[in-house]
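Asks: Pasting a structure below so you can have a look.
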Amino acid sequence: MDKTLHPVTLDRDLCTGCTTCVKRCPTEAIRVRNKHAIILHDRCIVCSECIRLCPAHAKKAQVDKLADALAAHPYTVALVPPVLYAQFSGLRDRNIALTALLQLGFHAVFEVAEAAEAISAATQEAYQSGALDTPLISSSCPTVRRIIRARFPSLLSSLLPFHSPMELAARAARQRAAEATGLPPGDIGCVYLSPCPAAAAEMCDPLCCDSSAVSAVVSIAELYPRLLTQIKKVTQPQILATASPRGIGWGVSGGESRASFEHVAYLAGDGMENILQTLENVENQQFSTVKFYEFSPCTAGCAGGALTVENPFIARTRLSRIMAHPTELAPHAPIDPALLRWERHMAPAPVLRLGGSIADAMAKLRRIQEQENRFIGMDCGACGAPSCHALAEDIVEGMANEDQCIFLMREKLQKRLYGRQSDL
Ligand code: SF4
Ligand code: SF4
């Protein structure tokens, strides 16, 4: 995967310019210009909404190919999220899927749920010792972190300052593999088997450390057919699992809350529109008793990721059955707690950059307001921007012009042709 490319891309040949995606993007990161969508990458939070909704299937996730990921290092560890198991009907023993991954060419496997458990334990400890102020917001989803820094920067200080399970798993897996093999860490690849393209964004641009320990992100959708075939061939599974049901439960919405804050008031929400609404409530301090918030932009949590193959609700039910199944665990050393914490705090990344000084920002806001006042306020989307306000911002930023508003255009034409204003 070319790490300079954005994880969400557009196939221009497929795009019909219908504007479905423009209206649903939570950070107004899409415009339609010249009958084709354009993604404003610095605004995109890699939520996958446009990938899911595009009727023409023109939006694509850009992740690594399995063959490239396996060939890139002498020794390769698969980082296995809980939701991978839930893609396979009838699978109960995780060791079967883990053994099949070794047979596909991975040298070792690491359950991301083991890292999730370590985060839950550290969260509990920090909460009980009073080391963390509440309310806290889960930082495990890369898209949630990006939403908060773009739209709710006042909540940045509430984010739990621990790496995501994917990042922690990569760090711990590389350390464990280096100790087991004697190989230098640079020879060990850590490949995340991902339910969503947000993991690729996190690998290429980690927000809380200088560089990610993840070397490649492969989609569950690409892996699925090969792994399904291989799972059917496993007769004698090796004992490779290391995580308990507590960590496996993180694969669905509410799993982290149950594992970390079982006896404390928490709120777990999923679905993009629901979580945006709830984040507004949190920002306005509307829930005084809640100590922990867990948000999943995808329906049902990672089970609803855009790169999975199974229906999210079926996947959620399967995961409960997998959790209830007694699985034999391999002995393993605990994850080094020194790997857990962020290396730096996140800075806000407002969707609209207003200018260097307060005076510049105020001047720009005024120009946007003046420009917006010239529009009729229907938010029709015919201009290719999600709202009249967004078109006003684009004009002030030099990215669009007034003639893109069909109503102003009609007015201009009527004036020119008949010398009078439109009735609108
Ligand atoms: S939803 Fe967006 S990407 Fe898909 S066809 Fe319509 S404008 Fe193009
Ligand atoms: S992935 Fe989400 S934030 Fe990015 S362009 Fe698509 S809808 Fe917008």
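The values are calculated or read from the model by the stated rules, or taken from the named source; none is laboratory data. Quick caveat, the model's predicted, so the values are computed rather than measured. Virtual Cβ from ideal backbone geometry, glycine too; neighbours counted across all protein chains shown. Ligands, DNA and RNA are stripped out before the accessible areas are found, and what is left, the full protein with its side chains, is counted by its heavy atoms. Shrake-Rupley method; radii C 1.70, N 1.55, O 1.52, S 1.80 Å.
Asks: Does any residue in segment 118-141 that is farther than 29 Å from H332 by Cα come within less than 7 Å, Cβ to Cβ, of a residue that is open to solvent by 50 Å² or more (accessible area, probe 1.4 Å) six or more places away or on a different chain, and which pairs are these?
Replies: Between residues of segment 118-141 that are farther than 29 Å from H332 by Cα and residues that are open to solvent by 50 Å² or more (accessible area, probe 1.4 Å), the close pairs are T134/K291; P135/K291; L136/K291.
Asks: Name the residue that is surrounded by the fewest Cβ atoms within 10 Å (Cβ to Cβ), counting only residues in segment 1-25 that are under 27 Å from V214 (Cα atoms) and within 13 Å of ligand 2 (Cβ to nearest atom).
Replies: T9
Asks: Answer yes if at least one residue in segment 180-195 is aliphatic (A, V, I, L, M) and surrounded by fewer than 18 Cβ atoms within 10 Å (Cβ to Cβ), and no otherwise.
Replies: Yes, segment 180-195 contains a residue that is aliphatic (A, V, I, L, M) and surrounded by fewer than 18 Cβ atoms within 10 Å (Cβ to Cβ).
Asks: Do any helices (runs of 4 or more DSSP H) entirely within segment 227-292 hold 1 or more residues that are without any contact (Cβ under 8 Å) to a residue 24 or more places away in the chain and more than 30 Å from L102 (Cβ to Cβ), and if so, which?
Replies: So the answer is 255-260, 272-283.
Asks: Another question, if that's okay. Tell me, yes or no, whether segment 212-222 has at least one residue that is assigned by TED's automatic domain parsing to the domain that holds W250, of a type in the set (A, V, I, L, M, F, W, C) and touching a Gly at 6+ places or on another chain (Cβ under 8 Å).
Replies: Looking through segment 212-222, at least one residue is assigned by TED's automatic domain parsing to the domain that holds W250, of a type in the set (A, V, I, L, M, F, W, C) and touching a Gly at 6+ places or on another chain (Cβ under 8 Å).
Asks: Answer yes or no: is there a residue in segment 85-107 that is of a type outside the set (A, V, I, L, M, F, W, C) and within 24 Å of D394 (Cα to Cα).
Replies: no
Asks: Condition first: open to solvent by 30 Å² or more (accessible area, probe 1.4 Å) and either under 24 Å from L207 (Cβ atoms) or in contact with an Asp or Glu (Cβ under 6 Å, 6 or more places away or on another chain) (or both). Now tell me which residues in segment 52-62 satisfy that.
Replies: Selection gives R52, K60, A61, Q62.
Asks: I would also like to ask the following. Taking the residues in segment 133-163 that are within 16 Å of the chain's Cα centre (by Cα) and charged (D, E, K, R) as candidates, determine which candidate is farthest from A201 (Cα to Cα).
Replies: If we take residues in segment 133-163 being within 16 Å of the chain's Cα centre (by Cα) and charged (D, E, K, R), then R151 is farthest from A201 (Cα to Cα).
Asks: So which residues in segment 193-213 are among the aliphatic types (A, V, I, L, M) and part of a loop (DSSP other than H, G, I, E, B)?
Replies: Of everything in segment 193-213, those that are among the aliphatic types (A, V, I, L, M) and part of a loop (DSSP other than H, G, I, E, B) turn out to be L207, A213.
Asks: Let me ask something else. So which residues in segment 304-327 are in contact with a Phe, Trp or Tyr (Cβ under 8 Å, 6 or more places away or on another chain) and open to solvent by less than 10 Å² (accessible area, probe 1.4 Å)?
Replies: Once the filter is applied, which keeps residues that are in contact with a Phe, Trp or Tyr (Cβ under 8 Å, 6 or more places away or on another chain) and open to solvent by less than 10 Å² (accessible area, probe 1.4 Å), segment 304-327 yields L319, I322.
Asks: For a quick check of your reading of the model, give me the residue pairs whose first member lies in segment 52-76 and is over 13 Å from P7 (Cα atoms) and not assigned by TED's automatic domain parsing to the domain that holds C298, whose second is within 11 Å of ligand 2 (Cβ to nearest atom) and open to solvent by 60 Å² or more (accessible area, probe 1.4 Å), with beta-carbon atoms closer than 8 Å and at least 6 apart or on different chains.
Replies: Note: pairs meeting the criteria are L53/R24.
Asks: On to the next question. Limited to segment 398-422, what total is found for residues that are open to solvent by 70 Å² or more (accessible area, probe 1.4 Å) and not in a helix (DSSP H, G or I)?
Replies: Result for segment 398-422: 4.
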